[in-house]
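Worksheet: the structure to be examined is printed underneath.
The values are calculated or read from the model by the stated rules, or taken from the named source; none is laboratory data. Because the structure is a prediction, the values reported are computed rather than measured. Every residue, glycine as well, gets a Cβ built from its backbone with ideal geometry; the counts of neighbours run over all protein chains shown.
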Amino acid sequence: MRTARLGFILSMIAFLCFLSVGVAKAISAEITIRIGSPFKTGHILVDAAEKFKELVEKGSDGRIAVEMQIGVKSEEEIDDLCSKGTIEMQSNGNRPLEIYAPQYFFLGAPYVLKDWDHLMRIWQGNLGKKVIEQVEKNGNVRYLGIVYRGLRQTTSKKPIYTPADVYGLKLRLPVVPTWIAVWKEIGAEPVPLTLPELYPGLKSGKADASEGDVTQITSFKLDEVQTHLIMTNHMVQIGGMLIHKPFFDRLSKADQALVTLAARDACDFANAKMKAAEKSYLIQLQRKGMQVVIPDADSFREKAKPAVEQLFKTTWPVTTWAEVLSQ
């Protein structure tokens, strides 16, 4: 009895010591960075935020604390909060690019870019520098890095090899005007549906087909309502890690360097993880019975060309498609 009581007392002492260390660390933090993401734990942009937290807190020896605010607000709300400085950082989707630098939103449009490496060459070059400047100027937020979210593919109830197979196809799309314009040019009949409407819309026949990255296709169980996975690779989907610009400017040069490096390494970590996961998701969908189709990618790009070139004239006049493709 005495031994058991002694064991209990020692356990309580150990627990209190652990607790006091945690409290001491929290108290000793000189700077707190609140980082918000609209996505749930397990999403690649949350993985990036978690890695950033780990690297910053370790690199600063606890002097900088990172507080996670995950999955409780929308992309729009998170971006607005970061723009206003209510939170210091965001690990978010394409909204900052679309809203604060709309003339450069060709980076988030179908059939414009070749692949992830192509996007990165643009991002690290002259055009990317201008994007970052525009977002800082108009949104009060600074890009610290971008995160690869996968290539967008197409699902349907039939095989699709050429644009002729898309003619009149009721294709579910998010409500993004540039996306709708391109798919209309290819021959599809866009059906704008929100993500919650995606599965029931395909099941009911309101839409015959959809497009999205393999994580979306898997998580929404589209294999239950679609039979074919067409590897159109029509868009490189990205997100970003951004920081409230005035907050960043108030940091010391050493802390700016620490935060910048941690974000870069966190994005590199997430990008490598997503590339590996993309292959795993594809295998999962095949095992669930989806038939993989390799279409004539060049014919789709050629069919989309008039709409894409028109968008560069009217919506993205800062450059030309030819210049983008030359990168």
*Pick out the one residue from Val308, Val292 that is β-branched (Val, Ile, Thr) and more than 20 Å from His228 (Cβ to Cβ).*
Val308
*For Val182, work out the one condition from (1) without any contact (Cβ under 8 Å) to a residue 40 or more places away in the chain; (2) not in a strand (DSSP E or B) it doesn't fulfil.*
(1)
_For region 179-216, which positions are over 17 Å from Lys158 (Cβ atoms), buried (at least 18 other Cβ atoms within 10 Å of the Cβ) and of a type in the set (Val, Ile, Thr)?_
Ile180, Val182, Val214, Thr215
*Determine, yes or no, whether Met241 is touching a Cys at 6+ places or on another chain (Cβ under 7 Å) and surrounded by 14 or more Cβ atoms within 10 Å (Cβ to Cβ).*
yes
*Counted residues, region 108-141 - those being outside any loop (DSSP other than H, G, I, E, B) and among the small types (Gly, Ala, Ser)*: 3
*Quick one: count up the residues across region 143-178 that are charged (D, E, K, R) and either surrounded by 22 or more Cβ atoms within 10 Å (Cβ to Cβ) or part of a strand (DSSP E or B) (or both).*
4
*Taking the residues in region 38-61 that are of a type outside the set (A, V, I, L, M, F, W, C) and in contact with an Asp or Glu (Cβ under 9 Å, 6 or more places away or on another chain) as candidates, determine which candidate is surrounded by the fewest Cβ atoms within 10 Å (Cβ to Cβ).*
Thr41
*Just one of (1) under 30 Å from Gly139 (Cα atoms); (2) under 19 Å from the mean Cα position of the chain (by Cα); (3) not hydrophobic (A, V, I, L, M, F, W, C) trips up Gln256, so point out which.*
(2)
*asked:* For region 238-327, give me every one of the helices (runs of 4 or more DSSP H) that falls completely inside it and has 3 or more residues that are at pLDDT 95 or above.
replied: 245-250, 253-287, 297-314
_Residue list for region 31-60, restricted to those being at pLDDT below 95 and more than 16 Å from Leu242 (Cα to Cα)_ = Lys40, Thr41, Gly42, His43
